[in-house]
1. Do any strands (runs of 3 or more DSSP E) entirely within the stretch 379-478 hold 2 or more residues that are touching a Lys or Arg at 6+ places or on another chain (Cβ under 6 Å), and if so, which?
2. If a residue has to be at pLDDT below 95 and closer than 27 Å to His451 by Cα to count, how many in the stretch 400-427 make the cut?
3. Please state which one of Glu202, Glu207, Glu221 is surrounded by fewer than 24 Cβ atoms within 10 Å (Cβ to Cβ) and free of Cβ contacts under 8 Å to residues at least 12 places away in the same chain.
4. Considering every residue within the stretch 184-193, establish whether at least one is outside any helix (DSSP H, G or I) and free of Cβ contacts under 8 Å to residues at least 24 places away in the same chain.
5. Within the stretch 345-353, does at least one residue satisfy the condition of being over 33 Å from the mean Cα position of the chain (by Cα) and closer than 19 Å to Phe391 by Cα?
6. Checking the condition among the β-branched types (Val, Ile, Thr), surrounded by fewer than 20 Cβ atoms within 10 Å (Cβ to Cβ) and either modelled with pLDDT under 85 or within 15 Å of the chain's Cα centre (by Cα) (or both), which residue from Thr176, Thr194, Thr188 passes?
7. Within the stretch 292-304, count every residue that is farther than 25 Å from Asp167 by Cβ and either under 31 Å from the mean Cα position of the chain (by Cα) or in a helix (DSSP H, G or I) (or both).
8. List every residue pair whose Cβ atoms sit under 6 Å apart, with the two residues 6 or more apart in sequence or on different chains, where the first one lies in the stretch 385-401 and is in contact (Cβ under 8 Å) with a residue 60 or more places away in the chain and over 18 Å from Tyr463 (Cα atoms) and the second, anywhere, is hydroxyl-bearing (Ser, Thr, Tyr) and surrounded by fewer than 24 Cβ atoms within 10 Å (Cβ to Cβ).
Amino acid sequence: MAAIKAWKYGDPSAPFFPDDFEIVKKAVLQVTDIKSNHNKYYAIELHKGTHNGADCYRVFTHYGRTDDLNSNPDAGQKECRFFATLGEAQANYDSIYREKTAPRKGYKEVALASSKIGSQKARGTSSGQVDARTLEKIKASEGQIAPVIQPSKLNVAVQNLVRYLYDEATRALTTTVAATITANGIETPLGILTIGQIEKGEKILGELYELFQQNATSRPEMERLSGEFYTAIPHRIGRTRSAVDNAVIDSLEAFQQKQDTLQLMKDMLQVNGESGSVLFNAQVDQEYNALGCELDWLPQDHPQFLELEDYVTHSLIKMKRLEVRNIFRVRRKGEWEAFTQHLDNQRLLFHGSRIQNWVGILSRGILLPKIVVSMGINRTDAGWLGNGIYFGDAACTSYYYASPGRYKTRFLAIARVALGKKKEYTRITYGLTAPPDGYDSCHGVRHTSKHPSQFADDEYVVYTTQQQRLEYLVEVAE
């Protein structure tokens with residue numbers, strides 16, 4: 001069979017094809033191969049047009065290195081192949097698709113809410129299997145008129161908090177992922193990612209983690225799956241051999257980082273949800289409303305501020321001083337009502353987290369972790385007392401789980417935790433998914449000279465989200 005000629009798009013000697021055409025089908029493919037240092041895209045489209053009263057067809061392709069799209073969305077090579085019948089065009093389209101997605105080439109189809117590559121007609125339209133939630137979001141956003149920006153009605157301290165947290169979440173995400181935040185969502189060089197595409201990344205990461213847990217030493221397999229992860233979720237990897245080698249996901253720290261990134265992406269899409277463009281529109285009231293929780297600033301002379309400041313100060317066991325800059329009362333919708341009020345032994349305890357996580361925590365609450373790695377200590381599963389939500393009674397302990405933002409401050413939650421009957425441990429006990437029978441929570445008891453323990457700090461663990469509720473958010477600095 002004779003080879004099918006590929007014409008460079010725009011070549012004046014190429015067969016005529018009308019500008020007004022229909023896209024019969026299309027796909028956006030991507031491959032990141034750690035071993036060969038490839039990071040490439042391939043868009044393929046089947047077009048149908050009419051010329052001189054007869055149907056005509058072409059297969060349009062656009063391909064190149066994904067990194068180049070960051071500076072030039074028209075980078076890469078564009079080619080056309082022309083056909084007289086739909087059957088011929090379809091056969092060529094399918095042949096190219098099979099070749100690119102076969103194991104030798106390794107491309108995977110990417111689901112995009114809005115494509116940025118391909119023909120001009122395809123750009124701005126969805127591609128791949130777009131999940132129902134993303135389709136609903138696209139439909140809801142169509143025809144929306146930008147609101148008139150009104151002066152904020154929020155307390156100035158709350159305004160500053162909201163902008164701070166959103167900015168830090170956005171910066172953390174776009175620094176790690178090859179993406180920008182727009183009015184429509186998380187926009188990569190290929191297009192706007194769907195929720196389903198992010199979940200695809202989660203599935204690949206889960207496969208990688210299972211391989212890692214088996215103590216597998218197959219470097220090629222870790223490289224292959226890492227490449228599949230970056231194929232699904234484009235990252236800023238770099239072009240040098242050392243940068244590519246370091247991109248292999250083969251440590252607990254790397255898994256935690258990628259899991260945090262995926263959660264951050266989901267959180268940012270969630271808060272963007274029905275409010276439309278809160279990630280892009282600087283109107284702070286919209287961002288505040290998207291969080292879905294009440295935040296009330298406490299003045300520094302307020303009795304409650306002074307009481308909580310004293311609580312923070314007197315809880316310090318490993319630091320001499322911690323400055324309390326701001327305190328906000330927090331009330332998340334539904335969380336207070338769902339709280340396990342009947343359990344006794346309720347305590348106000350601290351919970352620290354990276355600054356980029358607080359948009360998500362305020363909007364959806366504290367999640368039960370899947371993988372926890374802390375302070376450089378390798379753990380073999382979710383945590384020292386299993387898969388639960390961890391709290392401390394010393395602000396300094398939670399402070400080290402937090403990370404500073406551009407203002408050099410960190411955030412700690414003070415949560416009401418219903419501990420009920422505690423099971424005390426002095427030895428690390430992996431694998432717990434619930435407290436032992438007859439108990440409501442677990443307590444890793446802090447080591448002292450009189451009472452030896454494997455726990456450097458007191459750790460209180462509950463295994464259901466209903467046993468805790470956020471009550472305060474404290475901004476602190478050393």
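The values are calculated or read from the model by the stated rules, or taken from the named source; none is laboratory data. On a predicted model such as this, the values are computed, not experimentally measured, just so you know. Neighbour counts run over all protein chains shown; Cβ positions are idealised from the backbone, glycine included.
1. Those strands (runs of 3 or more DSSP E) span 410-418, 441-444, 468-477.
2. The qualifying residues number 2.
3. That would be Glu221, the only listed residue that is surrounded by fewer than 24 Cβ atoms within 10 Å (Cβ to Cβ) and free of Cβ contacts under 8 Å to residues at least 12 places away in the same chain.
4. no
5. The answer is yes, given that some residue of the stretch 345-353 is over 33 Å from the mean Cα position of the chain (by Cα) and closer than 19 Å to Phe391 by Cα.
6. Going through Thr176, Thr194, Thr188 in turn, the sole match is Thr176.
7. 2
8. Between residues of the stretch 385-401 that are in contact (Cβ under 8 Å) with a residue 60 or more places away in the chain and over 18 Å from Tyr463 (Cα atoms) and residues that are hydroxyl-bearing (Ser, Thr, Tyr) and surrounded by fewer than 24 Cβ atoms within 10 Å (Cβ to Cβ), the close pairs are Ala394/Ser315; Ala395/Ser315.
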